[in-house]
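Just below is one structure, and these are the notes that go with it.
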Amino acid sequence: MMRDVAEILLTREEIRARVQDIGYQISRDFQEKDLLLVGILKGSMIFLADLLRVIQIPVLIDFMSISSYGAATASSGVVRILKDLEEPIEGRNVVVVEDIVDTGLTLSYLMRNLQSRQPKSLRICALLDKPARRIVDVDIAYKGFSIEDRFVVGYGLDFAEHYRHLPYICVLKDEVIKGGNHS
Ligand code: 5GP
């Protein structure tokens, strides 16, 4: 275990098993349909890569990159699109792949934006859910794990861009978060 890590919440084996289940479920639900997975950068990158490889039907991928406008507009959930999709999604079956749903503000804004492009269907797949912090309701069709209200990193999730490479989901030591002295 890395020295900055206080506790591992989800091991790589637990994550692998759950991602496998979700992949099977999506494969069943979208048989005979053209499926597009939309990964939200950068946090969902590793989840999307693993999910993709357990999906057993034809599937395409695209990416969006977004950033929130900062504290002043945090409660509106308005996000800035840094990178948009490469292709239109009109008439397509879209599953948005996100790392974690916290307040729900980011995803609810994003889903309104994507819905306006008239996909045939639009669902959310999120690895982690922190229901305790929810401000707006979002319907998560495919959910990996519900977790308590703690700041987690690893498996794609970062703290100041670090720790994305850790193969498990974990909580950092207090002194790392406070000191900003991450390795
Ligand atoms: P929401 O709009 O749902 O509050 O924000 C979701 C975004 O906040 C996630 O995509 C993620 O970037 C960030 N976030 C929320 N909770 C955590 C967490 O525990 N760890 C990390 N690394 N990011 C989080």
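Quick look at the numbers
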quantity	calculated
Boolean, Glu32 is at pLDDT 95 or above, more than 19 Å from the chain's Cα centre (by Cα) and not in a helix (DSSP H, G or I)	no
Residue in the range 48-56 that is out of contact with any helix residue (DSSP H, G or I) (no Cβ under 9 Å at 6 or more places or on another chain) and either assigned to a helix (DSSP H, G or I) or modelled with pLDDT under 95 (or both) present	yes
From Ser108, Ser75, residue being at pLDDT below 95 and either within 9 Å of the ligand (Cβ to nearest atom) or closer than 20 Å to Phe159 by Cβ (or both)	Ser108
Qualifying residue in the range 131-138 (condition: over 16 Å from the mean Cα position of the chain (by Cα), near the ligand (Cβ under 9 Å from one of its atoms) and among the aliphatic types (A, V, I, L, M))	yes
Filter pass, Val59 being modelled with pLDDT of 95 or more and under 15 Å from the mean Cα position of the chain (by Cα)	no
When residues of the range 86-100 are limited to those that are surrounded by 11 or more Cβ atoms within 10 Å (Cβ to Cβ) and farther than 18 Å from Phe47 by Cβ, the one farthest from the chain's Cα centre (by Cα)	Gly91
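The values are calculated or read from the model by the stated rules, or taken from the named source; none is laboratory data. Computed from a prediction, not measured in an experiment: that's the story for all the values here. All Cβ positions, glycine included, derive from the backbone under ideal geometry; neighbour counts span all protein chains shown.
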